[in-house]
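Derivation of every value follows stated rules applied to the coordinates shown; laboratory data play no part. Fair warning: this is a prediction, and the values are worked out from it, not measured in the lab. Don't worry about glycine lacking a Cβ; one is built from the backbone with ideal geometry, like all the others, and counts go over all protein chains shown.
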Amino acid sequence: MLSNDTRRLVLAHFWIAFIAFFVALLLGEWQMYIRSPLRDWIGNPELYYRSVTAHGSAMGYVFPTLVAMGFGYAIVELSLKQPLVGKRWAWGGFFLLLLGVVVAMAPVSAGVSSVLYTFYPPLIGHPAYYIGVVLVVVGSWIWVALMSVNLRVWKKANPGVAVPLPMFANVAGAYLWAWTSLGAAIEILFLILPVALGFKTTIDAGLARVFFSWTLHAIVYFWLMPAYIAFYTLVPRAIGARLYSDTMGRLAFILFLVFSMPIGVHHLFQDPQVGSGVKFLHAVFTGMVSVPTLLTIFTITASVEIAGRLRGGKGAFGWIRALPWHNPMMLAVAFSFILLGFGGAGGIINMSYQLDFAVHNTQWITGHFHLIFAGAIVIMYFALSYDLWPHLTGKQLESSGMMKAQLWLWFVGMIVLTFPWHVVGVMGMPRRMAYFDYSNPELAPQAITVIISFIGGLLLVVSGLLFLLVLLRGHMSEAIRLPEFRFSQPVHATARLPVALNSFALWLALMVGLSVVNYGYPIAQLLPLKETSVPAVPVGGHP
């Protein structure tokens, strides 16, 4: 069971995460409304880009980081059966991150840092925005250190014992985040902040984009780590089954460490500063990162089939009908896999050097990453929160019907939102455009798709509101006596594991080595080049 101090720690992380999520959700819907033909143009594009910056920064940096941290602290005590080591440091990391959020969002709200989630050099915002982002990252690095320390303490007390899968996956996610966040940190500290603070007037935008690509795609796999931990360690138990294979789970998380990093340059296919050879290499590794996902789909589907057959399902597909579809966790994993399938299919287009030309920087890209993150990943954040909440509050969640309605609304809303984006992306509609003149005969056919996406966004807002309502009602229900929290157990108990499946040294070496190979060459090429910097463009009139 969780100690009272750890419960408060996890709840603090979750509540700030969900508040940031809901505010960002409202901002996203507002952006779609003002881009739609449903109202006259507001006349000030800066307001749109201000909102996009706040939406992207909250959803990309704040919300998933806090969920991963809070879930990670819970995993330490629930899986290792030991008190969390370093609680004061954990609270320190939380408040440092919270301070970073305030420092970063203040200049964004004031309109002096509308540089979007990707920083968009040579645009330069107020230095406080970048300092705030750095504080968020440093706060999260404290969490990384604590995950490593707690694992080391446990292994010292349990020599030779297999690390529980939830903690093994949790630490893998922490190490991945530490390494991938380094790219954006280098970009901010050494390329952007000197300009924002007035020490320089030019910036090497091409080199900056390479460093950000270090973070840009691997961060997605940090976002998905809590969702995949839920797949392996919560879903089978919640639906009355066992995990098909503990070993497959470990392989999946190890492969995410190895293949997630050396792929980010596929976002720069249209950028001239990186050579075609490096782009080809990143495209190959982008394809390889599908392997751990395919392993996961197989393993979790097999685990779900076990649940169906234990409930009396017969024949090739009879087990599907026998599944507990009334269970919110069952709905969540089914919806997540469907959205992951759609998003992954679109990703095949993005990773292709040739096909990317057709969809680069169009609404197709927006639809793709919303299906992956806002769809497949966030819906599992909802599910793991529902599963943990009684153990965080000591009170039962009684709103099963509301939970199912919330999940259905999110699933349907995400499809209604993103499918039209794919359509208009193929038609050539650019993303990150504040205004479209639908009186133009060439743009008029796209108007209906924008209205449909707006309706999908409304469904998502209602779903987000229901989610918060379910959690709040949980706080107000009566206290209950809960059984000990259990993670999913594998079909076959793991008596002994190879060292490579119970530690990280080999995989961290491969992660760093592949990153050095795939990024070292283009960075080494760009660093000595002269006259590659361009004049910085201050945003919002700040000095």
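Looking at the stretch 282-401, what helices (runs of 4 or more DSSP H) fall wholly within it and have at least 1 residues that are of a type in the set (S, T, Y)? Explain how you work it out, then say what you get.
Numbers: elements: 290-310, 318-321, 328-351, 356-359, 363-369, 378-393.
Answer list for the stretch 282-401: 290-310, 328-351, 363-369, 378-393.
Restricting attention to the stretch 62-112, the residues that are out of contact with any His (no Cβ under 7 Å at 6 or more places or on another chain) and closer than 30 Å to V52 by Cβ total 25. One residue stands out in the stretch 422-446 among those that are buried (at least 16 other Cβ atoms within 10 Å of the Cβ) and aliphatic (A, V, I, L, M): the one that is farthest from Y33 (Cα to Cα), namely V423.
Could you check the stretch 34-72 and list, in sequence order, the residues that are of a type in the set (G, A, S) and assigned to a helix (DSSP H, G or I)?
Quick first cut of the stretch 34-72, residues of a type in the set (G, A, S) only: 36, 43, 51, 54, 56-58, 60, 68, 70, 72.
Once the filter is applied, which keeps residues that are of a type in the set (G, A, S) and assigned to a helix (DSSP H, G or I), the stretch 34-72 yields S51, A54, G56, S57, A58, G60, A68, G70, G72.
Every residue, every condition in (1) assigned to a helix (DSSP H, G or I); (2) in contact (Cβ under 8 Å) with a residue 40 or more places away in the chain; (3) touching a Gly at 6+ places or on another chain (Cβ under 9 Å), yes or no:
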residue	(1), (2), (3)
W410	yes, yes, yes
V423	yes, no, yes
R432	no, yes, no
F436	no, yes, no
S439	no, no, no
I452	yes, no, no
G457	yes, yes, yes
L465	yes, yes, no
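So for the stretch 385-403 (the condition being hydrophobic (A, V, I, L, M, F, W, C), crowded, with 18+ Cβ neighbours inside 10 Å, within 25 Å of A227 (Cβ to Cβ) and more than 24 Å from the chain's Cα centre (by Cα)), does at least one residue qualify?
First, pick out the residues of the stretch 385-403 that are hydrophobic (A, V, I, L, M, F, W, C): 388-389, 392, 397, 402-403.
Then keep just the ones that are crowded, with 18+ Cβ neighbours inside 10 Å; that gives 388-389, 392, 397, 403.
Now drop any that are not within 25 Å of A227 (Cβ to Cβ), which leaves 388-389, 392, 397, 403.
Subsequent filtering for residues that are more than 24 Å from the chain's Cα centre (by Cα) retains 397.
Yes.
Scanning the stretch 447-505 for residues that are among the hydrophobic types (A, V, I, L, M, F, W, C), within 30 Å of A162 (Cβ to Cβ) and surrounded by 14 or more Cβ atoms within 10 Å (Cβ to Cβ) returns F485, F487, V491, L497, L501, F504.
Of everything in the stretch 73-114 that is hydrophobic (A, V, I, L, M, F, W, C), out of contact with any Leu (no Cβ under 8 Å at 6 or more places or on another chain) and outside any helix (DSSP H, G or I), the residue that is farthest from L384 (Cα to Cα) is V112.
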